[in-house]
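The values are calculated or read from the model by the stated rules, or taken from the named source; none is laboratory data. Note that the coordinates shown come from a computational prediction; the quantities given were computed from them, not determined experimentally. Note that we place each Cβ from the backbone using ideal geometry, even for glycine, and neighbour counts take in every protein chain shown. To get the accessible areas, we keep the full protein, side chains included, count just its heavy atoms, and leave off ligands, DNA and RNA. Shrake-Rupley method; radii C 1.70, N 1.55, O 1.52, S 1.80 Å.
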Amino acid sequence: MITPAFAQGAGMSGGTDILVQVVPFILIFVIMYFLILRPQQRRAKDHQDMIKNVRRGDTVVTTGGIVGRVTKVTEAPEIEVEIAPNVQVKVVRAMISEVRAKGEPVKAA
């Protein structure tokens, strides 16, 4: 009842079949890493460097769209930003999305 064609077609090349099936998935993950993950990591690192280097006098834009000038920088996770004359607010450093204009360096006393 079983024909010889079915009996001969069973698995002599099992190892190469697995390799042929796995290689496209590996290529997809490599392409995703270079096109998506790596640029995202670089942007996150650049943002951390920007936040770390904020100083008094910088003009910053928050993630909420508020533009202001930095008046006080401390080691705390908050900085003080002047958004209007005599109106100062505290902003969490992580919420700074952009530094537009760099201020003058602080003079040593």
Among the strands (runs of 3 or more DSSP E) lying completely within the stretch 14-109, list those that include at least 1 residues that are among the basic types (Lys, Arg).
67-73, 87-92, 96-101
List the residue pairs whose Cβ atoms are under 6 Å apart, where the first residue sits in the stretch 72-94 and is at negative phi and of a type in the set (Asp, Glu), the second is open to solvent by 80 Å² or more (accessible area, probe 1.4 Å) and assigned to a strand (DSSP E or B), and the two are 6 or more positions apart or on different chains.
Glu78/Lys90; Glu80/Lys72; Glu80/Gln88; Glu80/Lys90; Glu82/Arg69; Glu82/Gln88
